[in-house]
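Asker: Pasting in a structure now, in structure tokens, and then I'll have a few things to ask.
What follows draws every value from the coordinates through simple rules; no lab data is involved. Predicted, not measured: the structure shown is a model, and the values here were computed from it. Cβ placement follows ideal geometry from the backbone for every residue including glycine, while neighbour counts extend to all protein chains displayed.
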Amino acid sequence: MSNSPLIRTLDLEKTYITETIKTPALRGVSVELHKGEFTAVAGPSGSGKSTLLHLLGGLDRPTAGEIYLEGTAMSGLSKDQLAKLRLTNIGFVFQAYNLIPVLTVLENTAFVLELQGIVRGERIKRAKKILGELGIDQYADQYPHRISGGEQQRVAVARAVVSDPSIVLADEPTANLDTAMSHDLIDLMRRLNSEKGATFFFATHDNRLLDRVNRLVTLVDGRIAKDEVRDAA
Amino acid sequence: MKAAIRHMLRNRRRSILTLLAVLIPIYFLIVMFGFINSMVQDMFESSTRFDTGHMQIRAVETRATGSAMPLMNDPADALAALATVEGIEWATVRLDLPAMASVGERTRTVFVRGVVPEEINPISNMADRIVTGEFLTSDSTGVLVGEELADLLELEVGDDMVLLGAHPEASLGAIRSPIVGVFKAHEATIGRMLVYASLGTARQLARNDTAATAIVIRVDGVVGPQDAALMDQKATALRAALPDGFEVQDWLDLLPVMDGYMKILTPMLLIMAVVFFGLGALVVVNTLYLSVMERTREIGLIIALGASRMRVMRMVLAEAGIITLAGAFYGALLGVGIILIVEAFGGIPLWGQMADYMKEIGISPVLHMSITAWQVILSAGAMAVVAMLAAWLPALRASKLEPMEAMRYVE
């Protein structure tokens, strides 16, 4: 594992402000994530897990503090620059509504490559390859509503890793899956981590997943309560 | 593009509504153009046919001649110049003279129009307007009068009428002419004023064997006012060829009413187009807005994955573009199709008083339709541009969605 962090946050704060209420979600979070890690951030509901994940992914902006992605400060980037950063450096897996309903599994997988401007032949080749590696190539021509939730999440993982991003950010990826499907998905992501060196960062409170991560960051009330490196398989 | 097509197919009803919002205004505009074109052409044709022609050669007015047209002593030089201009379909010499018409003790001021009957016959419907008697011939010494003048002077076919020429540039001539026919004029004023005679008879009245007041000309290939450029081109060529002392009056000089009508028609069509297109644009904005709202989470996901704002806009505009193009194409097809079908059946015949009136004013009692390629392109193109401009608003909204807010959006 390299010593130079892939992502570094510095005193990260996020406060949601409504007309009358200010709700602090993160209060001075400083954390480093390194290449090849299989890390989860855990904590009770409202502890700021998803908020941290969204800030790291450039989907939202912090109220204070800074995030560096491979040395680049994200606060100075415009919306389009952030979009480009997400496109080239970050893969996303969301809890639900992960896939574009009018695109087939193959097209969904290749969608990020299309956004990157990769020519059709090349993106189809790469998408088919990753679908094959994840064992879901038989669904290539199916539309998302034709396959199960677990299979849809596998496709989402395929799409997240197809462009070899620096990191995959996954928000409660197993929340909607039954145990068997969850284990399958976690096995899959572990395999991608160990075989391809893909870096994963999860926001989850699912013990089935938490048991399998190498590093666990625990958030309580928007602060890091614990950051432990663990042996997991 | 593929995704845009699938979105359209997924929401067929809304896509069809958007398509209709583009199609219907184009269809209506083309059909409207079709009727108006044909009416304008009919009016233009009935006015220019014989009465005014597409242009006229006249003598340059050197002194005030009142209501009389300046007299040319000999149109031969002008006719020779006209022969050098290509693309002239037809020309005839005419002599219009103010005169006094007397029968017994009754006297009226009239205009005697001297024509070459054999030349005007092929293009004029004068012969069809004869109510009693017969049409003129070149060697005829008789005259035709309108029903109104016949009533005022209590004339019948076979009666004699004394005409006293009163052109300020001609000598005073007087002739006694038999009434060979009575015609139905399309306006009562004309029926009271106009007396048709052969050119020879009119020249006798002017006491000048070569006199004329106009050479009436029709240009080959002119169908209506839309051929103004062709008429202008011929008028310019003719002006260059004519010797001194002659001038060319074009259709705008000769048909000021037509010119005025055209000036009203253009803004009227424009207002109608704005109303049609405006309504179409509102529907396009509405349906696309709805589509963007319904797909808020999906668009949020696409932005989250890294699509730029421009990309999202392109995505929405692509969908609008496909529907717009289809709407424009089918609208144009339907509009042109209706025109072709109507014309294949020989037009829409009018009936009753309307048909009689149209006949009286020299316009065909059958409604025809015609359209030019430019009008089709203009109608379809303008609506397509309006629809795409309307699509801009929902596209902009989609591009400005915040990814996380959009993904949390619940319909």
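Asker: Net charge around A:ALA175, counting only other residues with Cβ within less than 12 Å of its Cβ (Lys, Arg = +1; Asp, Glu = -1)?
Answerer: Overall, the nearby charge balance is -2.
Asker: Note down the Stokes-Einstein diffusion coefficient of the protein assembly as shown in µm²/s, whole number, using a Kirkwood radius over alpha carbon pairs, 10 °C, and 1.306 mPa s.
Answerer: Translational D for this selection: 50 µm²/s.
Asker: A further question on this structure: Could you sort A:19-30, B:380-391 so that the peptide with the highest average Cβ count within 10 Å comes first and the rest follow in order?
Answerer: Per-residue Cβ counts within 10 Å, averaged per peptide and sorted highest first, yield B:380-391, A:19-30.
Asker: Let me know the whole percent of all Cα-Cα pairs from segment B:263-381 that are separated by more than 22 Å.
Answerer: 59 percent
Asker: Which cross-chain or sequence-distant (5 or more) residues have an amide H under 5 Å from the amide H of A:LEU219, H modelled 1.01 Å from N in plane?
Answerer: Sorted by chain and number, the residues that satisfy this are A:ALA42, A:GLY43, A:ALA225.
Asker: Turning to a different aspect of this structure: At R0 = 60 Å, how high is the FRET efficiency between A:ASP231 and B:LEU389 if r is their beta carbon distance? Nearest 0.05 is fine.
Answerer: 0.45
Asker: So what are the ³J(HN,Hα) numbers for segment A:178-187, from phi and the Karplus equation (6.51, -1.76, 1.60; θ = phi - 60°), rounded to whole Hz, Gly and Pro as x?
Answerer: 6, 4, 4, 5, 4, 4, 4, 5, 5, 4
Asker: Here's a follow-up. Pop a pseudo-label 7 angstrom from the Cα along the beta-carbon direction at both B:GLU134 and A:GLU122 and give the gap in nm to one decimal.
Answerer: Inter-label distance under the simple model: 9.2 nm.
Asker: OK, next. Given a cut-off of 20 Å, what percent of all Cα-Cα pairs of segment A:5-70 lie beyond it?
Answerer: Across segment A:5-70, Cα pairs with separations above 20 Å total 25 percent.
Asker: Please express the Cα-Cα pair-distance distribution P(r) of chain B as a list of whole percents, one per 20 Å bin, running from 0 to the bin with the greatest distance.
Answerer: 22, 37, 22, 14, 4, 0
Asker: As a test of the definition: which semi-axes, in Å, follow for segment B:322-378 when you take the square root of five times each eigenvalue of its alpha carbon gyration tensor? Largest first, please.
Answerer: 31, 11, 9
Asker: Provide the descending list of Cα extents for segment B:55-221 along its principal axes, expressed in whole angstroms.
Answerer: So the three principal-axis extents are 48, 35, 27 Å.
Asker: If you count the DSSP beta bridges with both ends in the protein assembly as shown, what percent of them are antiparallel, to the nearest 5?
Answerer: 70 percent
Asker: Using only the Cα atoms, what convex hull volume per residue in Å³ does segment A:7-229 have?
Answerer: So the per-residue hull volume is 128 Å³.
Asker: Helix hunt in chain B: which complete DSSP H runs extend at least 30 Å axially by C-alpha with mean Kyte-Doolittle at least 0.0?
Answerer: The qualifying helices are B:12-47, B:256-294, B:309-344, B:373-399.
Asker: Next question, about the same structure. Among the listed pairs A:LYS35/A:LYS84; B:LYS184/B:LYS234; A:LYS49/A:LYS226; A:LYS125/A:LYS196; A:LYS22/A:LYS226, which are separated by more than 23 Å between their Cα atoms?
Answerer: Flagged as over cut-off: B:LYS184/B:LYS234; A:LYS22/A:LYS226.
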